[in-house]
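A short write-up of the structure that comes next.
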Amino acid sequence: MTSTATESLQAISQRADALKQRGDLAAALSVYEEAAHAWPDSAVAQHNLASTLGDLGRYDESAQAAMAAIKLGIRAPETRLVLARAHMNAGRLTAAQLAYREAVSLRPDMVVALQELTQLLWMSSADKNLALQPLVQAVQAYPMSAELHLALSQALEFTGDKEGAIRVILDLASRNAADALMMARTADLLLETGKLAHGRELAIRAFNADRSSFPALMTLARAALSCGEADGASAAITEALNRRPDDQHVLAMQAMVWRMTGNAGFNALYDYSSMVRSYLIEPPAGWSTRDDYLANLAEELKAAHHYRTHPFGHSVRQGSQLPNIFAVKTPAIQAFHQALQAPVNTHIEHLGTGPDPLRRRNTGAWQIQGIWSVMLRPGGFHVDHVHQEGWLSSAFYVELPDVVTKNNAKEGWIRFGQPGSPVQPAQAAQHFVKPEPGMLVLFPSYMWHGTVPFSGQQSRLTVAMDIIPG
């Protein structure tokens with residue numbers, strides 16, 4: 001059946017849900033639009049439409065549909081969550097905060113709404129006490145909720161209190177047996193703060209508690225690396241690769257083991273000369289010079305950067321991050337997709353095909369998995385990380401401080417090869433790229449990379465994206 005005339009609302013929603021789960025958001029949207037048109041008084045139809053519009057980055061339309069669902073009487077906190085995300089991504093931060101708070105008022109232990117509200121308050125204000133208040137109150141009200149404790153722990157970590165993050169999880173564990181995920185999370189924090197023996201012990205306990213848990217397996221590998229145990233790390237990573245052969249974090253950790261042991265496989269996986277390349281973009285149609293285009297792009301991106309500090313769970317420190325830049329409907333930002341075509345196509349052709357984890361996925365075609373902008377303040381940096389959602393990742397330099405471009409002290413440069421996870425012996429960065437305005441750097445998503453902190457008084461404005469095979 002393909003017509004709303006012969007389908008119930010439930011049946012057509014199930015059909016759209018199936019399309020959405022397969023990743024065909026455009027087709028799912030068409031079906032949800034049919035349903036909203038056929039059942040104009042259905043709050044559920046409007047909610048489904050709002051959610052999918054939000055997934056597609058059409059935030060103003062998503063907000064309109066969510067408000068229509070609320071006007072029709074829907075009481076679900078999920079609708080307020082959709083509305084909050086739409087407002088937030090459109091830059092309406094006060095309206096987003098109100099929608100998040102309404103979702104929480106309807107379901108006081110709604111972890112995702114509390115987590116996102118806390119992050120919004122933090123990014124908007126850089127005030128740790130203000131930001132943490134919703135999660136702290138929820139944990140006090142629901143002291144046995146593991147999910148809320150994990151959310152508060154993450155918030156404490158990314159607002160600069162790793163010791164507090166550990167205490168929150170240990171507090172719950174003291175009152176209730178911790179599961180594998182909680183033990184793994186705590187073990188990771190212990191390892192990051194140098195408590196290696198305790199972290200290793202907890203990592204082993206987490207894995208033994210649930211050997212099917214992939215997070216526990218990864219934590220076991222990190223614990224072995226932190227303690228310099230090459231055999232233990234290799235065994236855990238081999239099992240992880242058997243489960244998820246294209247997982248970018250696993251590949252990054254495989255490289256760490258190979259580098260630790262002098263295995264030649266490391267040089268093939270981290271072949272900087274062929275896998276890390278830089279390209280200067282050409283100005284897209286409508287701009288006569290690269291400098292003119294970059295000036296307009298910088299102006300539009302700066303106007304869209306609404307936050308004062310970094311989000312949770314990302315690599316940015318002392319700066320702000322703007323998600324999904326193509327949701328900003330201004331000329332230079334929208335033209336950026338055109339500017340990317342030639343360098344990305346050239347790079348993919350240069351890589352070619354082969355048996356290694358990067359080239360074996362090369363189809364010759366590509367699509368953007370995510371694209372965002374970062375503005376680092378003086379002293380800002382990216383912690384060393386990999387991009388779990390990508391195949392190829394990038395850094396594009398829009399506007400740079402003089403200290404980055406006019407000296408060779410490596411301030412503000414992108415570096416490769418220094419792990420973001422503890423390892424003994426330590427592994428230093430091996431490869432650096434000096435940025436310049438208009439430069440696109442492309443590299444494997446599994447490759448450890450970060451940014452050297454920079455001094456001075458000027459900010460550093462970039463765009464980054466993840467690419468997957470088309």
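Brief remarks follow.
Residue-wise test of (1) in a loop (DSSP other than H, G, I, E, B); (2) among the aliphatic types (A, V, I, L, M).
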residue: Trp372; (1), (2): no, no
residue: Arg377; (1), (2): no, no
residue: Glu389; (1), (2): yes, no
residue: Ser393; (1), (2): no, no
residue: Pro435; (1), (2): yes, no
residue: Gly450; (1), (2): no, no
residue: Ser455; (1), (2): yes, no
residue: Ala464; (1), (2): no, yes
residue: Ile467; (1), (2): no, yes
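- Restricting Ser212, Ser234 to residues that are more than 29 Å from Leu392 (Cβ to Cβ) and of a type in the set (Gly, Ala, Ser) narrows the list to Ser212.
- Test: residue in region 175-188 that is among the small types (Gly, Ala, Ser) and either closer than 20 Å to Pro422 by Cβ or assigned by TED's automatic domain parsing to the domain that holds Ser421 (or both): yes
One line per residue, one yes/no per condition, for (1) in a loop (DSSP other than H, G, I, E, B); (2) touching a residue at least 12 places away in the same chain (Cβ under 8 Å):
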| residue | (1), (2) |
| --- | --- |
| Ala252 | no, yes |
| Arg259 | no, yes |
| Ser274 | no, yes |
| Pro284 | yes, yes |
| Ser288 | yes, no |
| Asp292 | no, no |
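- In region 214-241, the residues that are under 17 Å from Glu201 (Cβ atoms) reach residues that are outside any helix (DSSP H, G or I) and among the charged types (D, E, K, R) with C-beta atoms within less than 6 angstrom, at least six apart or across chains, in these pairs: Ala216/Asp210.
- Taking the numbered list (1) under 17 Å from Asp466 (Cβ atoms); (2) modelled with pLDDT of 95 or more; (3) not charged (D, E, K, R) in turn, Ala332 passes all entries but (1).
- Enumeration of residues in region 72-100 that are within 20 Å of His306 (Cβ to Cβ), polar (S, T, N, Q) and out of contact with any Phe, Trp or Tyr (no Cβ under 8 Å at 6 or more places or on another chain): Thr94, Gln97
- If you check Glu157, Glu163 for being in a helix (DSSP H, G or I), in contact with a helix residue (DSSP H, G or I) (Cβ under 9 Å, 6 or more places away or on another chain) and surrounded by fewer than 15 Cβ atoms within 10 Å (Cβ to Cβ), only one passes: Glu163.
- Restricting the first member to region 379-397 and to residues that are in the same structural domain as Arg360 (by TED's automatic domain parsing), and the second to residues that are outside any strand (DSSP E or B) and of a type in the set (D, E, K, R), the beta-carbon pairs closer than 8 Å and six or more apart or on different chains are Gln388/Asp247; Trp391/Arg361; Tyr397/Glu436.
- Region 320-361: number of residues that are without any contact (Cβ under 8 Å) to a residue 60 or more places away in the chain, of a type outside the set (Lys, Arg) and part of a helix (DSSP H, G or I): 12
- Members of region 371-409 that are surrounded by fewer than 16 Cβ atoms within 10 Å (Cβ to Cβ) and either of a type in the set (A, V, I, L, M) or under 20 Å from Tyr279 (Cα atoms) (or both): Val383, Thr405, Lys406, Asn408, Ala409
- For the residues Val398, Val374, Val383, the requirement of being under 26 Å from Met123 (Cβ atoms), in contact with a Pro (Cβ under 9 Å, 6 or more places away or on another chain) and hydrophobic (A, V, I, L, M, F, W, C) singles out Val398.
- Of the criteria (1) without any contact (Cβ under 8 Å) to a residue 40 or more places away in the chain; (2) at positive phi; (3) aliphatic (A, V, I, L, M), which one Ala126 fails: (1)
- Inclusion of Glu300 among residues that are assigned by TED's automatic domain parsing to the domain that holds Leu376, closer than 30 Å to Arg359 by Cα and over 22 Å from the mean Cα position of the chain (by Cα) is not warranted.
- The residue list Ser278, Ser226, Ser212 contains one member that is closer than 30 Å to Ala342 by Cβ and either surrounded by 19 or more Cβ atoms within 10 Å (Cβ to Cβ) or modelled with pLDDT of 95 or more (or both), which is Ser278.
- Residue count for region 247-260, restricted to those that are surrounded by fewer than 21 Cβ atoms within 10 Å (Cβ to Cβ) and out of contact with any Phe, Trp or Tyr (no Cβ under 8 Å at 6 or more places or on another chain): 2
- Number of residues in region 30-53 that are more than 24 Å from the chain's Cα centre (by Cα) and either over 16 Å from Lys71 (Cα atoms) or outside any helix (DSSP H, G or I) (or both) equals 12.
The values are calculated or read from the model by the stated rules, or taken from the named source; none is laboratory data. Nothing here was measured: the structure is a model prediction, and the numbers come from that model. All Cβ positions, even for glycine, are placed from backbone atoms using ideal geometry, and neighbour counts span all protein chains on display.
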